[in-house]
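What follows is one structure encoded as structure tokens, with my remarks underneath.
The values are calculated or read from the model by the stated rules, or taken from the named source; none is laboratory data. All of these numbers come straight from a predicted model, not from anything done at the bench. A quick note on method: Cβ atoms are made from the backbone with ideal geometry, for glycine too, and the neighbour counts reach across all protein chains shown. Accessible surface areas use protein heavy atoms only, side chains included; no ligands, DNA or RNA. Shrake-Rupley method; radii C 1.70, N 1.55, O 1.52, S 1.80 Å.
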Amino acid sequence: MAGSRLLLTAAEMQAVDARAASLGADTFKLMLRAGEAVARHVRRRVSRQASIVIIAGPGNNGGDGAIAAASLQASAHSVVLVRLGTDARADSDAGRAFAAWSGDTRTVEPGADKLDGEIETLLEQADLIVDALFGAGLSRPVEGSAAALVKQANECAARVLAVDLPSGLNGDSHQGDGPIIEARLTVAFERAKPSHYLYPGRAHCGRTFIEPIGMPVAAFRDAPDDCHRLEEGLWRAALPALSPTTHKFQRGHVLVRGGALSQTGAARLSATSALSSGAGLVTLASPREAAPVNAAHLTAVMLKVFDSIDDWQHMLADVRVSAVVIGPGNGVDDVTRAALGAALMSDHVCIIDADALSCHQDDPERFIDSLRSARQLPVLTPHDGEFERLFGHTDIPALPSRLHRARAAARLTRSLLVSKGADTVVAAPDGRAAIGVNAPPWLATAGAGDVLAGLIAGLLAQGMPAFEAASAAVWLHGEAARELGWPLTSECLPDAIMRVLTRVASVAAPVVQKP
């Protein structure tokens, strides 16, 4: 279901909560279900003999914690509730939750500079700590005794379960300016937040579980639906549909621009990857001096030689070309800059990577202008260093998260942006975004970006829309790396991508009945 991958910021989820209340939903019943969901996760992980400490703030996050404490006490678990202050309104849902709790309670005054020894010992001896201090309800740094509780919980040997979001992590900026709970797992409700999957939040959340609590469907009716966790369902329906009469010329032709003799490998990785995505034809355009090396390594990928920008423009004039990859191994020089300018003025979609990004570092504004006037929607695939070189002269790098930065850059350049990293973000100029969640750490290896650029081109050449093609490529790239395991080299990725794509396509493809 689309809802299961939809991501909402803290402010957007608070608006959903308000709509639910205006629609007549029993908000205390929702809190009861949330607290019970937390208790279920605790029971799965500790025995009745375990020592459980729940640290609860005065708001709804603390109310969830109080409900969880009551549920765990009812199942004969040993629970202590540590409250940060006692100022929850009696008529609020949190106030009702605290009033219903009759077990062992300790109180920490909010204004205290440090914890007393009894609380420190209680946390040190705990087997599991539930963080129900603030969740996504705090938009400022954690301070005072709350900060002391966070620091003490992080220093303990106990496992930590966070409710909603680790306290200290901002659910709108996706960052934290002070101490943040370091959770082993996080239990959130109805919808995940971008902060669960963007770093540094992902590292603080541990494993994230999203639990339904019966929120009315109508409460989500006006919620934004433009940010998603990147999963198969986001793009699978847009995969190329093959018919028995389809021939290779109908499955797209990718043109990859190669580089000098000493830099041939990157473009070959892109070309091979484009072919592995199902593109009908792939041509590697090679400088004459590099042609013998490329010819020795290529079989199904075709090879064409160019000696000048005129030769390159002649290749771009071929109406059978569907997509162009430019940058991998091309060289950071004026020749690459001119070649990219010609490609942007062609009728082909351009995937711009590596050297084609870096060669504009001395005049990024001119590059941005050329992107904005391109005939087809460009696709940019910068890693963080390339991103800084392109946008360092703007205020974009100062934005708080990769999601904010990618969206802003996509709007500025009127391009489809793939901001590469451990939390890769695909962002369209219309505001749509997807956050990659499946890339393993061993995908950070030489040539992996070249493979990704070719994969995007191959899917685009087959007719997938840009946002779906880039999203599919990022997911397939990560899944192929997971399948290969550690360590891997980029040469192995195209074959693994074919296996993963075959598996996904077979699930998506309709069954053809025999006569």
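For this structure, a couple of remarks:
- Contact annotation: residue pairs with Cβ atoms under 6 Å, 6 or more positions apart or on different chains, pairing a residue in region 353-376 that is closer than 14 Å to T394 by Cβ and assigned to a helix (DSSP H, G or I) with a partner that is open to solvent by less than 70 Å² (accessible area, probe 1.4 Å) and at pLDDT 95 or above, are P364/L390; I368/T413; L371/P378; L371/T413; L371/S415.
- Single condition L169 does not satisfy, out of (1) in a loop (DSSP other than H, G, I, E, B); (2) closer than 26 Å to A20 by Cβ; (3) touching a residue at least 40 places away in the same chain (Cβ under 8 Å): (3)
- Those residues of region 409-428 which are over 21 Å from P328 (Cα atoms) and open to solvent by 50 Å² or more (accessible area, probe 1.4 Å), in sequence order: R411, L412, R414
- Failed condition for A339, given (1) open to solvent by 20 Å² or more (accessible area, probe 1.4 Å); (2) in contact (Cβ under 8 Å) with a residue 40 or more places away in the chain; (3) assigned to a helix (DSSP H, G or I): (1)
- Cβ-Cβ under 9 Å pairs, at least 6 apart or on other chains, region 1-30 side farther than 13 Å from F189 by Cα and at pLDDT 95 or above, far side among the basic types (K, R) and open to solvent by less than 50 Å² (accessible area, probe 1.4 Å): E12/R191; E12/K193
- Restricting region 79-109 to residues that are part of a loop (DSSP other than H, G, I, E, B) and open to solvent by less than 70 Å² (accessible area, probe 1.4 Å), the residue that is modelled with the lowest pLDDT: A88
- Single match in G463, G458 (criterion: of a type in the set (G, A, S), open to solvent by 10 Å² or more (accessible area, probe 1.4 Å) and farther than 27 Å from S195 by Cα): G463
- Scanning region 122-149 for residues that are under 12 Å from I54 (Cα atoms) and part of a helix (DSSP H, G or I) turns up L122, L123, L149.
Yes/no per residue for (1) closer than 28 Å to L242 by Cα; (2) in contact (Cβ under 8 Å) with a residue 12 or more places away in the chain; (3) polar (S, T, N, Q); (4) in a loop (DSSP other than H, G, I, E, B):
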| residue | (1), (2), (3), (4) |
| --- | --- |
| R389 | no, yes, no, no |
| P397 | no, no, no, no |
| A406 | no, yes, no, no |
| G421 | no, yes, no, yes |
| A457 | yes, yes, no, no |
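- Among the residues of region 47-63, those identified as open to solvent by 20 Å² or more (accessible area, probe 1.4 Å) and either closer than 20 Å to I181 by Cα or of a type in the set (A, V, I, L, M) (or both) are S51, P58, G59, N60.
- Any hit, region 439-453, residues being touching a Gly at 6+ places or on another chain (Cβ under 6 Å), open to solvent by less than 20 Å² (accessible area, probe 1.4 Å) and at negative phi: no
- Filter result (under 18 Å from L403 (Cα atoms), touching a residue at least 60 places away in the same chain (Cβ under 8 Å), open to solvent by 20 Å² or more (accessible area, probe 1.4 Å) and not in a loop (DSSP other than H, G, I, E, B)) within region 175-213: R202
- Within region 186-233, considering residues that are basic (K, R) and either modelled with pLDDT under 95 or more than 24 Å from A39 (Cα to Cα) (or both), the one nearest to the chain's Cα centre (by Cα): R229
- Condition check for V335: within 20 Å of P382 (Cβ to Cβ) and either of a type outside the set (S, T, Y) or at pLDDT 95 or above (or both): no
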